[in-house]
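Written out below as structure tokens is the structure these notes cover.
The values are calculated or read from the model by the stated rules, or taken from the named source; none is laboratory data. Please read all numbers here as calculations on a predicted model, not as lab measurements. Cβ placement follows ideal geometry from the backbone for every residue including glycine, while neighbour counts extend to all protein chains displayed. The area values use the complete protein model at the heavy-atom level, side chains included, leaving out ligands, DNA and RNA. Shrake-Rupley method; radii C 1.70, N 1.55, O 1.52, S 1.80 Å.
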Amino acid sequence: MEQTFIMIKPDGVQRGLVGEIIGRFEKKGFSLKGLKLISVDRAFAEKHYADLSAKPFFNGLVEYIISGPVVAMIWEGKNVVVTGRKIIGATNPSDAAPGTIRGEYAIDIGRNVIHGSDSVESARKEIGLWFPDGAVPWRSNLE
Ligand code: CMP
């Protein structure tokens, strides 16, 4: 089953949006397969955003990601990469449709609340970086 990596960024955590964001993914029908509140260091943030290292906003982006704890998650379900990006909305909150997370809760591209993998391949890499032990093993005694 397809998985994606979703990160609630420091502004989303600080503004108390964690429950709201998790609720949206749960209510859509996706399954939570990994979750941690974590503060990352500069080297880790640079690795996560390595593809953007030539961009003029790279240093500011890294500073922002290390400015406070983030919530890192693995979500699973049919077409979760593409559908997750639709739930999140456009990267620039000014372009994000009303009803999407960024459309409802952000105004600044540099403080856009949440990250979601942009492809199945990126999801595989990002899950490997953030969850080196993989997803939480699923076992239920609730029969
Ligand atoms: P994210 O989905 O985490 O992927 C890359 C991030 O780079 C993006 O969200 C934004 O937070 C950030 N970003 C992209 N473009 C710009 C920009 N022009 N200025 C500042 N930050 C940007």
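In table form, for the structure just shown:
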item: Percent RCO, i.e. relative contact order, over segment 44-129, from Cα pairs under 8 Å lying at least 6 residues apart; result: 23
item: Segment 71-117, relative contact order in percent, only Cα pairs under 8 angstrom and at least six apart counted; result: 31
item: Radius 13 Å from Cβ of G89, net charge of other residues (Lys, Arg +1; Asp, Glu -1); result: +2
item: For V81, solvent-accessible area (1.4 Å; no DNA, RNA or ligand), Å²; result: 10
item: Among D133, D41, D108: highest mean-square fluctuation, GNM of the chain, C-alpha pairs under 10 Å; result: D133
item: GNM flexibility winner over the chain from G89, G19, G34 (Cα, springs under 10 Å); result: G19
item: Given K33/K125; K55/K125; K55/K78, the pairs whose alpha carbons are separated by over 23 Å; result: K55/K78
item: Computed P(r) (all Cα pairs; the chain; 10 Å bins; percent); result: 12, 43, 37, 7, 1, 0
item: Tilt relative to the chain, helix 120-130 - C-alpha long axis, 0 to 90 degrees, to 10; result: 90
